[in-house]
Amino acid sequence: MGDNSFGTLFSFTSFGESHGKAIGCIVDGVPPGLPLSEEAIQPYMDRRRPGQNRFVTQRREADKVEILSGVFEEKTTGTPISLIIKNTDQRSKDYGDIAKQYRPGHADFTYDAKYGHRDYRGGGRSSARETAVRVAAGAIADLALKAILGETFQLYGSVVQIGPHEINRDNFDRNQIDQNPFFCGDKEAAKNWEDYLDGVRKQGSSAGAVLEIVASGIPVGLGQPIYGKLDAEIASAMMSINAAKGVEIGSGFGLSAIPGHQAGDEMRIGDDGAPTFLSNHNGGVLGGISTGQDIVARVAIKPTSSILTPRKSISSDGIATDVVTKGRHDPCVGIRGVPVAEAMLAIVLLDQLMRHHAQTAILPR
């Protein structure tokens, strides 16, 4: 299996399966001298950690990160950083009955067709368990961006829709995001989602979600105008997340319904003498290059495929069957997708920042 790495100058390579002994990654290109410890990474992991409330999988994993290399006296050395997370609460027996069945919506069929051999326990390599190591790598990227860009840099994500139920933008309060189990900035919507997801779970089904990730304090100039477009790499990063089925930047698909005289983000000179934009329909990116505005990306996450409702499928022997997926699963996998999407955006931004300086900082301008 190839393509287990992401990034150019700042990159990571992940390894491991859902029910294996451990998962982990090698993070390369980390600037030397960055303060880093396991304790600094752990808060990021805790935001994604399963089993914290009834709206996520009840698999009990501590997701404790161990740093094996690349850090000395709590500072990065500039060499590859090896991170490992032990799996401690697997229940492989939950998958014995469906070892040969292809679960609808999962990668079972495609993995079998491609490789001819797969780890069926919890989805193996295709499991969202792998996203824990992305959060660990993203924690390093976020800490580096804060050290480089200072207090002006901020990155946060939230859930703006679960099933058909959207937030009320007028009620959005960023301080509410970590005050409820949904990473929701609208506390009224969060209350409504509790009842909605309780009903979905009792029906043996699941719900999808839309995530919104915002980064502020990004300098002008990140990204390349053709094949290394900042928004294209953000889209690639987000689409690599399990269950992601759509990405939009800024107003996204909504731009197709806006007249051209409104869609283009107009400009003026601000009070500080610098260019300023009057809107941000393009999500902080023009021509593949950052404008200095907020980077805004939204990700559509499909409903969790592992559900108790019987669904029609076939087995690897070609026999028609009805599949019921038992075990512990998120009724809405998009909820825990927020810290994963935050991590992937941080990784893209740090990589693009390093590439920008590698190209433009050689000669005076």
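The values are calculated or read from the model by the stated rules, or taken from the named source; none is laboratory data. Keep in mind it's a predicted model, so treat the numbers as computed, not measured. For neighbour counting, all protein chains shown are included, and Cβ atoms are generated from backbone atoms with ideal geometry for every residue, glycine included. We work out accessible area using only protein heavy atoms, side chains counted, and drop any ligands, DNA or RNA first. Shrake-Rupley method; radii C 1.70, N 1.55, O 1.52, S 1.80 Å.
So what's the gap between the Cα centers of region 298-312 and region 166-199, to the nearest angstrom?
What the calculation gives is 21 Å, centre to centre.
Amide H neighbours of Lys75 under 5 Å, at least 5 residues apart or on other chains, H built in the peptide plane: list them.
Here Leu36 satisfy the definition.
Counting only helical runs of four or more DSSP H residues, what would the 222 nm mean residue ellipticity of the chain come to if each run contributes -39,500 (n - 2.57) and the total is spread over all its residues?
-8000 deg cm²/dmol
Just tell me which lysines come within less than 22 Å, Cα to Cα, of Lys21; anything on the same chain fewer than 8 places away is out.
Lys64, Lys86, Lys93, Lys326
If you roll a 1.4 angstrom probe over the protein chains with everything in place, what fraction of the accessible area of region 175-274 belongs to carbon and sulfur, to the nearest %?
51 percent
Give the peptides 275-287, 341-353 in descending order of average Cβ contacts within 10 Å, highest first.
The packing order, highest mean first, is 341-353, 275-287.
Which order do the peptides 168-174, 200-206, 41-47 come out in when sorted by mean C-beta neighbours inside 10 angstrom, highest first?
41-47, 200-206, 168-174
Taking one equal scatterer on every alpha-carbon of region 102-159, how large is log10 of I(q)/I(0) by Debye at q = 0.15, 0.19, 0.20 1/Å?
-0.63, -0.75, -0.78
Would you be so kind as to identify which of Phe153, Phe15, Tyr102 lies farthest towards the positive end of the dipole of the chain, taking Lys and Arg as +1 and Asp and Glu as -1 on Cβ and the Cα centre as origin?
The residue sitting farthest along the positive end of the dipole is Tyr102.
Among His117, Tyr44, Val210, whose Cα lies farthest out toward the positive end of the dipole of the chain, if unit charges sit on the beta carbon of Lys, Arg (+1) and Asp, Glu (-1)?
Of the candidates, His117 comes out farthest on the positive side.
Show log10 I(q)/I(0) for the chain at q = 0.06, 0.08, 0.10 Å⁻¹, two decimals, from a solvent-free Debye sum over equal Cα scatterers.
-0.24, -0.42, -0.66
Against the longest principal axis of the chain, how steep is helix 38-48, in degrees 0 to 90 to the nearest 10, with axes from Cα atoms?
Approximately 60 degrees, to the nearest 10.
Could you pull out every residue, at least 5 positions away or on a different chain, whose amide H is within less than 5 Å of the one on Phe153? Hs are placed 1.01 Å off N in the peptide plane, and Pro or chain starts have none.
none
Counting Lys and Arg as +1 and Asp and Glu as -1, what is the net charge of the other residues whose Cβ lies under 10 Å from the Cβ of Asn280?
Charge balance near Asn280 sits at -2.
How tilted is helix 187-202 with respect to the longest principal axis of the chain? Cα atoms for both, answer in degrees (0 to 90, nearest 10).
That helix lies at roughly 20 degrees to the long axis.
Is the shape of region 213-261 best called rounded, prolate or oblate, per the rule: a/c under 1.5 gives rounded, else a/b larger than b/c gives prolate, else oblate, with a ≥ b ≥ c the square roots of the Cα gyration tensor eigenvalues?
Oblate, because a/c is 1.5 or more while a/b does not exceed b/c.
Any idea how far the Cα center of region 118-152 sits from the one of region 1-49, in Å?
A separation of 6 Å, based on Cα centres.
What's the extension gain from Arg268 to Asp322 if we count 0.36 nm per residue and subtract their Cα-Cα distance?
The span from Arg268 to Asp322 would gain 13.3 nm if fully extended.
If you roll a 1.4 Å probe over the heavy atoms of the protein chains, what accessible area per residue do you get for region 204-320, in Å²?
Dividing the accessible area of region 204-320 by its residue count gives 48 Å².
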